[in-house]
Every structure is written in C-alpha cells, then in structure tokens.
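The values are calculated or read from the model by the stated rules, or taken from the named source; none is laboratory data. As the structure is a computational prediction, the values presented were derived from the model and not from experiment. Cβ atoms come from the backbone with ideal geometry, glycine included; neighbour counts cover every protein chain shown.
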Amino acid sequence: MNWHAVRAIYQFEMARTRRTLLQSIVSPVLSTSLYFVVFGAAIGSRIPEIDGVNYGAFIVPGLIMLSLLTQSISNASFGIYFPKFTGTIYELLSAPVSHLEILLGYVGAAASKSILLGLVILATAALFVPLRIEHPVWMLFYLVLTAVTFSLLGFVIGIWADGFEKLQLIPLLVVTPLTFLGGSFYSIHMLPPVWQTLSLFNPVVYLVSGFRWSFYGAGDVSIGLSLAMTLAFAVAFVAIAAWILRTGYKLKA
C-alpha cells in the first residue's frame with residue numbers, strides 16, 4: 001500500500017475544502033440552522049412529542065443525515081470529476097498508484113469533510129434544542145459509516161457524469177426527495193398503513209432510523225436491519241467503484 005500517494009490525494013482534497021470554507025462548511029450549517037428555527041421553534045411548538053422526544057430534538061438526526069448524504073455525494077463527485085474535466089486524471093492513472101489507493105484518497109477526504117460538517121451541525125443543534133445521545137459510540141460509528149458509504153456513491157457519480165449538470169442530477173432528483181420522504185421530519189408510524197409499507201422500500205428510512213436510534217434508543221425499524229442495509233449499500237458502492245477503476249469506464253476512453 002502506497003500510503004504516500006493516499007496521503008497526497010487526501011491532503012490535496014482537504015486543502016480545497018480550506019480554500020472554500022464558506023461554501024463547504026458555513027453555508028450548509030446556516031441552511032440547517034434555518035430548519036431548526038422554522039421546524040424546531042416555530043412549528044415544533046405546535047407538534048406533540050414523538051416517542052417521548054420533543055419535536056425539535058426529534059428532527060436533529062434527520063437533518064444531520066440530510067446534510068451528510070448530500071455533502072458526501074457532492075464532495076466526492078466533484079473531487080473526482082474535476083480532474084476529469086481538466087484532464088489531470090490521466091496523470092493520476094499513469095502514476096504508480098493502485099485503484100484502491102485512489103479510492104481511499106478521494107473517498108477518505110470526502111467522508112472526512114462530511115463527518116466534520118455533521119459534528120458542526122450537531123453542536124449547532126445543541127444551541128437550539130435539548131439533545132441527548134444515548135449511544136454516542138454507535139452515533140459516531142453510524143456517522144462515519146454513512147459518510148463513507150455515500151462518498152463512495154458520489155465517487156461513482158463523479159466518474160459517470162460527463163457534465164456539471166449530471167453531478168447534481170442524482171442528488172437533487174433522487175437522494176434529496178428520498179431523504180425528505182425517509183422520516184427525516186416525521187416517524188413513518190404516523191403514516192397510514194399503506195404508506196408505512198411503501199416507506200420501507202425507501203433506503204433512506206433505514207439510514208435515518210438507525211441514526212435516530214443512536215440518539216434516543218428508538219427508530220422506525222430495528223437497529224440490526226438499519227445497520228445491515230447500510231453495510232449492504234457500502235459493499236455495493238465499493239464493488240461498483242472497484243469495477244469502474246478496474247475497467248477504466250469513462251476514464252480511459
């Protein structure tokens with residue numbers, strides 16, 4: 001394993017984050033804070049507790065997950081797409097760097113940015129609503145696992161995309177709607193039985209439910225099923241990314 005190559009890619013991507021701190025960290029935190037103000041304070045005061053949790057606190061895991069998914073995909077997809085756009089990707093592919101090392105560098109940097117953002121949003125949420133974390137170790141584990149999983153998806157999207165418009169296609173038209181419909185702002189048990197069943201086909205439900213369980217010890221589905229689904233997503237995205245790098249799909253053409 002060429003750790004020097006992994007570190008070089010990782011540090012380059014992290015340096016780009018420091019140069020765009022306003023866009024990478026400050027803007028998502030401010031946007032999420034507006035959700036806390038509107039939903040937590042204005043609307044939350046009119047909604048009864050859900051599973052014994054104040055509504056403002058109830059939506060915190062969902063809001064963190066919303067930012068985590070979108071930022072993980074955005075960071076990783078842009079990170080690998082920009083070298084394609086400028087043509088510098090060929091220098092990387094011709095260097096004595098393995099596919100695994102490329103993947104570790106880009107995905108590790110994207111996941112690190114998203115984890116940092118998630119922790120900042122968590123600290124910001126504590127200023128607005130009373131929070132408790134019953135399983136802090138599981139919360140951190142789930143935060144890291146989700147960030148890595150969707151950074152892998154973003155890496156795949158960045159290679160697949162052949163224009164800046166396509167970078168936003170899946171996050172805006174697929175991931176964000178699924179997140180809003182995945183129990184970020186409500187419990188699926190509040191829905192009619194038919195919609196509860198349909199919600200179980202939404203993969204984001206398992207992510208939000210598992211993350212919320214780490215806070216309050218309760219979720220819409222069991223923690224075992226949530227963890228299994230998240231691991232399944234991670235394995236699937238690793239396999240796709242490995243196949244792309246091995247075959248040179250949209251990289252060597």
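Looking across the stretch 196-227 at every residue that is without any contact (Cβ under 8 Å) to a residue 12 or more places away in the chain and assigned to a helix (DSSP H, G or I), the one that is nearest to F141 (Cα to Cα) is identified as G224. Taking T124 as the residue in question, decide whether it is in contact (Cβ under 8 Å) with a residue 60 or more places away in the chain and surrounded by fewer than 21 Cβ atoms within 10 Å (Cβ to Cβ). Judged against the criteria, T124 is a match.
V97 meets each of the listed conditions (1) crowded, with 16+ Cβ neighbours inside 10 Å; (2) part of a helix (DSSP H, G or I) apart from (2). T86 fulfils the conditions (1) of a type in the set (V, I, T); (2) farther than 16 Å from L207 by Cβ; (3) in contact with a helix residue (DSSP H, G or I) (Cβ under 8 Å, 6 or more places away or on another chain) except for a single criterion, (3).
Taking into account only those residues within the stretch 24-59 that are aromatic (F, W, Y) and at pLDDT 80 or above, which is nearest to the chain's Cα centre (by Cα)?
Initial filter on the stretch 24-59 (aromatic (F, W, Y)): 35-36, 39, 55, 58.
Keeping just the survivors that are at pLDDT 80 or above gives 55, 58.
Working: Y55: 23, F58: 19 Å.
Among those residues, the one meeting the criterion is F58.
With respect to the conditions (1) assigned to a helix (DSSP H, G or I); (2) among the hydrophobic types (A, V, I, L, M, F, W, C); (3) modelled with pLDDT under 85, L104 lacks only one, and its number is (3). Only one of the numbered conditions (1) touching a Phe, Trp or Tyr at 6+ places or on another chain (Cβ under 8 Å); (2) surrounded by 18 or more Cβ atoms within 10 Å (Cβ to Cβ) is not met by E49, and that is (2). Taking interchain pairs and intrachain pairs at least six residues apart, which have beta carbon atoms under 6 angstrom, with the first residue in the stretch 99-117 and more than 19 Å from S67 (Cβ to Cβ) and the second outside any helix (DSSP H, G or I)? The qualifying pairs are E101/N2. Only residues that are more than 23 Å from L30 (Cα to Cα), under 12 Å from the mean Cα position of the chain (by Cα) and either outside any helix (DSSP H, G or I) or of a type in the set (A, V, I, L, M, F, W, C) (or both) were counted across the stretch 123-154, and they come to 4.
Here is a yes/no grid of residues against (1) of a type in the set (G, A, S); (2) crowded, with 23+ Cβ neighbours inside 10 Å:
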| residue | (1), (2) |
| --- | --- |
| A161 | yes, no |
| L172 | no, no |
| L178 | no, no |
| G183 | yes, yes |
| I188 | no, no |
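Of everything in the stretch 166-193, what is outside any helix (DSSP H, G or I) and either in contact with a strand residue (DSSP E or B) (Cβ under 7 Å, 6 or more places away or on another chain) or aliphatic (A, V, I, L, M) (or both)? Give them in sequence order. Give the steps one after another, and end with the answer.
First pass over the stretch 166-193, keeping only residues outside any helix (DSSP H, G or I): 181-187, 191-192.
Result: L181, S187, L191.
Residues in the stretch 195-253 that are touching a strand residue (DSSP E or B) at 6+ places or on another chain (Cβ under 9 Å) and aromatic (F, W, Y): F215, Y216.
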